[in-house]
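Asker: Here it is, the structure, as C-alpha cells.
Bear in mind these aren't lab numbers, they're just calculated from the coordinates by the rules spelled out. What you are looking at is a predicted structure, and each value in this text was computed from that prediction instead of being measured. Here the Cβ positions follow ideal geometry from the backbone for every residue, glycine too, while neighbour counts run over all protein chains shown.
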Amino acid sequence: MEKIATNRFSVVRIAAVGILAVAFGSASVEASEAGIPYQGDGHIMIEPSELTWKPVASMAKGAKIAVLEGDMSSGDPFTIRLQLPADYEVAPHIHPAYERVTVLSGTFHFAHGEEFERSQLRALPTGSLAIMAPGEPMFGYTEEQTVIQLHGTGPWGIEYINPEDDPRK
C-alpha cells in the first residue's frame, strides 16, 4: 500500500512539474520582451533596480506600473507592481478575473463596495494580502507612497463603477 501511494505521488509531482514548465516557459518569453531579465530554464529573477515604471493609462494620474511577467491581455498568468503616490484614491471598480494583491511597502487602505466611503476602508500594512472575486466592486486609498504587487490571469481589465472616474474617457 505504501508503494502505491508513493507512485501516485510521483505521478502527480511529475505532472505538476510539467504543467509549471509550460506555464512559466511562455511567461518568461513575454517578460523578456518587456525588458525583464530572463535567466533561462523558465526562471525570471528581478531586482527592484531593474524595474521599468510607466504611467498607467487606466488609472488616475500619478499611478505607475511595472510589468514583471506575462501579458495582461492574454489568458496567461501575469504579475505587475503598482506604485501609488501619497493621498491617492482608487475609484470604485471591478475586474473580469480574480485579483490578488500583496502590499510590498506602505499601507493600502482597501474596501469592497460601489461607492468610495472612507469609513469602510481597512488599512492593509506591508505584507498584507487581499483577494477579490471577479465582478466584485472595490476601492482604495493611500496616505503614503505605497507599492502593491498584483497577480492574476488575463485577459485583464478594469471597469469603473462610475464611468466619469475612467481616465481613458
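Asker: Check each of the GluC sites (Glu not before Pro) in the stretch 47-119 and keep only those in coil by DSSP with at most 14 other C-beta atoms within 10 angstrom; list them in order.
Answerer: E114, E115, E117
Asker: What does the charge count near L124 come to, summing +1 for each Lys or Arg and -1 for each Asp or Glu among other residues with Cβ under 15 Å from its Cβ?
Answerer: Here the charged neighbours net out to 0.
Asker: Each residue of the stretch 74-89 in order: what ³J(HN,Hα) in whole Hz does its phi give by Karplus 6.51 cos²θ - 1.76 cosθ + 1.60, θ = phi - 60°, with x for Gly and Pro?
Answerer: 9, x, 9, x, 9, 9, 9, 10, 10, 10, 10, x, 4, 6, 9, 9
Asker: Something else now. Is the C-alpha gyration tensor of the stretch 91-169 telling us rounded, prolate or oblate? Criteria: a/c under 1.5 is rounded; beyond that, a/b larger than b/c is prolate, otherwise oblate.
Answerer: Verdict is oblate for the stretch 91-169.
Asker: Continuing with the same structure: Distance between Cα centroids, the stretch 42-92 to the stretch 149-169: provide it in whole Å.
Answerer: Comparing the Cα centres of the stretch 42-92 and the stretch 149-169, I get a distance of 13 Å.
Asker: So if we plug the beta-carbon distance of M45 and Y98 into 1/(1 + (r/R0)^6) with R0 = 25 Å, what FRET efficiency do we get, rounded to 0.05?
Answerer: 0.45
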